[in-house]
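So the structure is just underneath, and the comments pick up after that.
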Amino acid sequence: MHLLKKVFFFYYDGFRQMTLGRKLWLIILIKLFFMFVILKIFFFPDLMKKNFSNDRERSDYMIEELTQIK
Amino acid sequence: MLQNFDMSLVDWSRGQFALTALYHWLFVPLTLGLSFIVAIMETIYVKTGDEAWKKITKFWMTIFGINFAIGVATGIILEFEFGTNWSKYSWFVGDIFGAPLAIEGILAFFMESTFIAVMFFGWEKVSKKFHLAASWLTAIGSNLSALWILIANAWMQNPVGMHFNPDTARNEMLDFGAVALSPTAINKFLHTVTEAYVLAALVVLGISAWYLLKGRDVLFAKRSIVVGSVFGLIGILMTIYTGDGSAQQVFKTQPVKFAAMENLYEGQAQAPLIAFGITAKEVEGEPGHHPFAFKIPLPGMLSFLATHDFNAYVPGLKDLIYGNPEHGILSFQEKADRGAVAQEALRQLKEARDNDPEKYKELRAKFDDPSWLKEYFAYFGYGYYKGEDPALLIPNISMTFYSFHLMVILGFWFLLVFVLALIWGVKDKLAGKRWFLWLMVWTAPLAYLATELGWITAEVGRQPWIIQDLMPNMAAVSNISATTVQVTFWLFTLTFTILAIAELKIMFKQIKLGPKDGGQ
């Protein structure tokens, strides 16, 4: 418990005493929000997961796609 | 065959991936190299107890922190693109890509993230030695992150250690050691990280030279230049050495790329290395043939670069397209025929799976037969080009040639800069050589140019393959609209440009403030 408290205050004090770091953390948070909330959800779905319900369907689709021989 | 593919979609998807990868790589090498430079500077501080070294360490740590914060997670977008734009590729590579990336996520990322907090928050709170250990572990963690990504990339250039499962259409890892320790992976990792060290050292030299030009923070600048030039000198020598190893691997596993790097059309023994050359327009009817308008050849050196034998035969693009039985080189058409056989076997196997157990068993056995795999499956991707124009299998020669040559020229320029900076730095003669200080300032951005050119050589030179010989780009892209990709392409351009501007603005502000208190 004592160790956990020490670790907590290590980070707590570290964040509190930041100057330039605050600006950098803000940039990191905006960036992560943009990537995971906007890009990932609206623009980058995992198509194989989204379009098929199981691996058999995914495999069948892939083999058809891989063997488009005229 | 090709009419089945939307080439506009392929081009936009490639463009988008190139854009995000090149932007991502603007941030990564400085993190990889500067983390070690900071650790070295802190080691000197801990050994000597000299507070000036602590100030120097803290300033460069701040620069490292800015770059880390702006660059962190920009690589995640590449993984998003795998799932959306390159979903067929993602399925096809199976767990080969998953394992190294998972290890990166669990091991390296957490290692890096934990110790970076000690680095920044731990001054005066933990012992000097513990803090120093955290700095070294951050550097090692950052470099380990790069290791796993580069192993995955190396596998795409030289797919080894796996078995293709025709039931699932996925590659399965058979031998992790073969994937992780393939000569391609080892050379790629070492060449990439050492040139990242060179870049970081040149950034240190450039910023320090600026201080000397301004006549401020002189002791800080001189000490930084000595550390930077020693680190950079070791880095560039290792880059040249590993570049030699990489060239031999490319010659063995990606001969078309090797020929493109040197614009070699006609294969020859005692092949010359082009020290400097200007390529002319492609000869009509001879795909890939760009005669030199001007060249300075070094006789036998290309053969030596490829095999360490001045007399060795180096195949040119003509041999690789039309074949050369004397040297055991298959023609493009022969490979396309074999690839088509493998594709047809896969198609028939799927049909037989539920209806014809005997035929299924017979076809399945082929995919487990090493000699059949070597003879046919090894050329799987060529099947898409059966009856097509062989020009489709040739990368952009000019781009590959010039990127490679400019990178090499810059590499030797960096070597010269490090040697002179070290000699004049140790003799304390730098302050009087303003012309050289300006050169150091302007060499820093050239380091970024060189590292990006390295990636352009590696990636453009291997086109059209996303996985060498097995999967061309066009077979790897998802069936989505090109418009969707265009939208995200411009979105990324905007986002990354904002990030790059933010990085430069914050960094320049910090540099102007200088190392008064060791940075913020």
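The values are calculated or read from the model by the stated rules, or taken from the named source; none is laboratory data. Please read these numbers as outputs of a predicted model, since none were measured by experiment. Glycine gets a Cβ as well: all are built from the backbone with ideal geometry, and neighbour counts include every protein chain shown. Please note that ligands, DNA and RNA were not included when accessible areas were found on the heavy atoms of the full protein model with its side chains. Shrake-Rupley method; radii C 1.70, N 1.55, O 1.52, S 1.80 Å.
Laid out as a table, the results:
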quantity	calculated
Qualifying lysines (Cα of each under 23 Å from Cα of B:Lys361; at least 8 residues distant if same chain)	B:Lys350, B:Lys374
Tilt relative to chain B, helix B:51-71 - C-alpha long axis, 0 to 90 degrees, to 10	30
Pairs of lysine residues in the range A:2-66 - Cα separation under 16 Å, sequence separation of 8 or more or cross-chain	4
Carbon and sulfur %, accessible surface of chain A computed with the full protein complex present, 1.4 Å	67
Gain in span if fully extended, B:Leu420 to B:Lys374, counting 0.36 nm per residue against the direct Cα distance	11.4 nm
For residues of A:25-35, the mean tally of beta carbons on other chains within 10 Å	4
Pairwise label distance in nanometres, B:Lys505 with B:Ser127, each label 7 Å out on the Cα-Cβ vector	4.4
C-alpha long axis of helix A:2-16 to longest principal axis of chain A, angle in °	90
Portion, in percent, of the accessible area of chain B that falls on carbon or sulfur, probe 1.4 Å	66
Gap separating the Cα centres of the range B:174-220 and the range B:62-95, nearest whole Å	21
Å² of accessible area per residue within the protein assembly as shown, as computed with a 1.4 Å probe and no ligands counted	44
Nearest-ten-degree value, helix A:20-33 long axis tilted from longest Cα axis of chain A	20
Sequence-separation-based contact order of chain B, relative, with Cα cut under 8 Å and 6+ spacing, percent	22
Sequence-distant residues sharing a close amide H with B:Gln268 (under 5 Å, placed H)	B:Val314, B:Gly316
Per-residue [θ]222 nm for chain B (sum of -39500 (n - 2.57) over DSSP H runs n ≥ 4, rounded to 500)	-23000 deg cm²/dmol
Segment B:Asn396-B:Glu51, length gained on full extension (0.36 nm per residue, minus Cα span)	118.9 nm
Potential lengthening between B:Val218 and B:Leu330 on full extension [0.36 nm per residue; Cα-Cα distance subtracted]	34.1 nm
Long-range amide H partners of B:Asn165 with built H, under 5 Å	B:Arg170, B:Asn171, B:Glu172
Area buried, chain A against chain B - accessible surface, total, 1.4 angstrom probe, square angstrom	4300
Nearest-20 debye value, the range A:2-66 charge dipole, Cβ charges on Lys, Arg, Asp, Glu	740
Per-residue HN-Hα couplings for the range B:202-211 [Karplus 6.51, -1.76, 1.60; θ = phi - 60°; Hz; x = Gly/Pro]	6, 5, 4, 5, x, 5, 5, 4, 4, 4
Three-way shape label, the protein assembly as shown, alpha-carbon gyration tensor, a/c 1.5	oblate
Highest to lowest packing among B:298-304, A:53-59, B:91-97, scored as the average C-beta count within 10 Å	B:91-97, B:298-304, A:53-59
FRET E, pair B:Phe292, A:Phe43, Förster distance 51 Å, beta-carbon r, rounded to 0.05	0.70
Set of lysines with alpha-carbon distance to B:Lys295 below 17 Å, sequence-local pairs under 8 removed	B:Lys281
Backbone HN-Hα couplings from phi across the range B:250-263 [Karplus 6.51/-1.76/1.60, Hz, Gly and Pro as x]	4, 4, 6, 9, 9, x, 5, 4, 4, 5, 5, 4, 10, 6
Average other protein chain Cβ within 10 Å of Cβ, residues B:118-130	2
A:Ile30/B:Lys433 FRET efficiency (R0 45 Å; Cβ-Cβ; nearest 0.05)	0.55
Neighbouring partner chain Cβ atoms per residue of B:71-84, average, 10 Å criterion	4
